[in-house]
């Protein structure tokens, strides 16, 4: 027992350290053989025997313990893994990225192209030496999908450089052949599956724009021009998002009936146009519609996302349709702009049943209702608050966290100075976001002050996707308060 648990012999330690052992009965060619070391004194032998006995006793007690041996601690993850699990690496940082990722992707081919373009955009953010080879492979794979390489259907594979050189040589040899235009490239029409017939022309234009921008992106990557490549990657992502919007038929999930009954529902996207005016008529805003000059009025456009927050976005769109915010004086701070009902409306106008807290977590299929997200545990929303220009329903005055106001809205002005150690807003996962400012954020919204007026608010697009309840249904919800079991 003591021999098995005792220390290994010096020869075994040397073999494990180098992986080799000298053959027996050999002598050094440079000198006489080494003499064997003298035996250790009696005191050293006794100490070694005591240590071996203590080790054997400890092993025996551990084996007989009802708790069993203690589990081994996991190895510390390498820095790259720690970065990938950080909230900063998982959450979108622009309104365009958040809105693009929130579109339900029904066409796997378009989704594959989008992921390749997003990979290029992500690799472009690497400082100093950029992986141009990896980016070129992503662009080539995306172009092969768009141009139909390796698939079936109405497709044509992209021409290879060798075939292009042969065509150039043939054109030089034959002037008549040079005057003949090349046949048009057939794009992958499988990427148009899901586009309604009435929108097919728009879908074909988006697909052609996607192929063109990917070709430009290939040239930018080949030239190793990061600014040019970044702009072209953004154009390609916008074209892919346009295709996904055309192919999305509506909501990809069923709303809980206890919350959807009697409430407006936005089944898709809508754009709200808010016209601000500075109190006193000062030229405080930048008028983007008039060439960027100073103006007393400024326009802010908000894209509402009913794919991720159909009840919250539907309530806000219905309020705008009713003229609830026309003539409203706003309250502004360094963190947000708070918008309430117009004081010119009759008392009680715009008061509806509160809207249940509604947030769609990343990786989930449908929203969670009346429950905040566990951001500290890694649960992050598809529409994060930690983006400048986030729009949502404000908290109730009584502070009930399970519901949000049906009339007051907030427009966030998040920046890094308002972030915690994780880079996220302190209220991330607590406030429901249903859209983002997509126009006029820097020139208008960030300059809005308390007392400025919303002259007019209207729905610029998407009203056909807004489903309104009947007066009786809405009155029934108002009488019941809209409370129900928690749904996820």
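On full extension of the chain, what length is gained from residue 224 through residue 447, given 0.36 nm per residue of separation minus the C-alpha to C-alpha distance?
76.5 nm
Which value, in Å³ per residue, describes the convex hull spanned by the Cα atoms of region 382-442?
In region 382-442, the Cα convex hull volume per residue is 99 Å³.
Rounded to the nearest angstrom and listed largest first, the equivalent-ellipsoid semi-axes of region 390-484 from its Cα gyration tensor are 28, 21, 13. The modelled label-to-label distance for the pair residue 376/residue 296, using points 7 Å beyond Cα in the direction of Cβ, is 5.1 nm. If you wrap the Cα atoms of region 274-318 in a convex hull and average its projected area over all directions, you get 4.1 nm².
Each label point was placed 7 Å from the Cα along the Cα-to-Cβ direction; for residue 253 and residue 427 their separation is 2.3 nm. With all projection directions averaged, the alpha carbon convex hull of region 234-316 covers 8.0 nm².
Normalise the Debye intensity by I(0) for region 257-472, one equal point scatterer per Cα, no solvent, then take log10 at q = 0.07 Å⁻¹ and round to two decimals. The Debye formula, applied to the Cα set alone, gives -0.20. In this label model, residue 455 and residue 472 are separated by 4.3 nm, measuring between points 7 Å along each Cα→Cβ vector.
Laboratory data are not the source of any read-out in this text; all were calculated from the coordinates shown. Just so it is clear, the model here is predicted, and its values are computed rather than measured. Don't worry about glycine lacking a Cβ; one is built from the backbone with ideal geometry, like all the others, and counts go over all protein chains shown.
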